[in-house]
Amino acid sequence: MTWKNLKHGTALAVLTAAAIAGLGTKAAEASQLSGDARASIPKDVQQIIVVDYKSMQNSQAAMQLKDRVLPPELKRLETALKTSGLKVDQDCETLAFAAFRAGTGSRIIGVAQGQFQNQAIMANFAKQKTKPVMVRHTEVWPMGSAGMSVAFLNQTTMVFGDREAVKEALDARDGLEPNFLQNSEMMNNMASVDSRPVWSLLDQKGTQTMMKSVLGDASQLADFNTVQSRMRSARYTMDFSNGVKFNMTVEMSDSTTAALAATVMKGVVMMKKSGGSPLEKSALDETRVESNSGTLTVDYSSSESQFAGLLTSPLFQQVVK
């Protein structure tokens, strides 16, 4: 699955990349967005992914794995930051990517939080004879030849992406367009996940597309059409404080549909186990699928070494392709 699927509402590959990026992290630090960061994200979010970037830097293997599976579009954003003279690896603490609807398509905006050396950054821009474009009272700086731009909201928060995405982020921050703070459903869901080092939220369409991809051939069953139409939203978390823990919650319209979705998912797990390698079977044995009060939950846990071994398995490659 590639990042282009996000334009249709999903980016499981990016979530996986974020999860891998935290592999090896010992401290379960939270990845929370400040009020300024939230206000700079337009309201109609398809998916948002937030990572404790500082902890991610602690594992060389984790960074190598991230580079291996990170979708090209996000790699381009991250590379643009690093090559623009910003000391992202040193100064960034939290990194977020949000895909949001814009007209008939979608855009991606990045948000970085940390203790940035703004004076040194501006001096570097001046040395390169880089000139900003003003959007009302905010300077938008081009970042090299990649077509990316960056704007500093304050000493600790910047937004980056293509120029139009940055402009729309500033429109949201300045109250000219609705912003993420006004997305009550995602704000409510965020409250239950943003204490984790890696978390992600998807809207209804993203949830439906993501689940269809995860279920594979099982999504062709007649029951899935009923289930899919009643999916509302999804959220994920990853925790690395004691091994690797993954939790996914999918909100359904009612308890009956959630129970049916759990039955379909359990059937997929059994099918995968029947043809899987010993490592894959072990991973699926550690996967728990349940339904309760209109929600479908999927939980997985393993040691770091077991999870690292799973990354080269056909099952993992099928999930992230």
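The values are calculated or read from the model by the stated rules, or taken from the named source; none is laboratory data. Here the structure is a predicted model, which means the values were calculated and not measured. Cβ coordinates were reconstructed from backbone atoms using ideal geometry, including for glycine residues, and neighbour counts include every protein chain displayed. All accessible areas refer to the heavy atoms of the entire protein, side chains included, with ligands and DNA or RNA removed. Shrake-Rupley method; radii C 1.70, N 1.55, O 1.52, S 1.80 Å.
Quick notes on this one:
- Checking each residue of the stretch 231-251 against the condition of being part of a loop (DSSP other than H, G, I, E, B), of a type in the set (A, V, I, L, M, F, W, C) and over 23 Å from Met187 (Cα atoms) gives at least one match.
- Within the stretch 117-135, the set of residues being touching a helix residue (DSSP H, G or I) at 6+ places or on another chain (Cβ under 7 Å) and modelled with pLDDT of 80 or more comprises Val135 only.
- Check on Asp171, among the acidic types (Asp, Glu) and at pLDDT below 90: no
- Filter result for Ala218 (open to solvent by less than 20 Å² (accessible area, probe 1.4 Å), out of contact with any Phe, Trp or Tyr (no Cβ under 7 Å at 6 or more places or on another chain) and either modelled with pLDDT of 80 or more or in a helix (DSSP H, G or I) (or both)): no
- Matching residues in the stretch 277-321 - criterion: being at pLDDT below 75 and at positive phi: none
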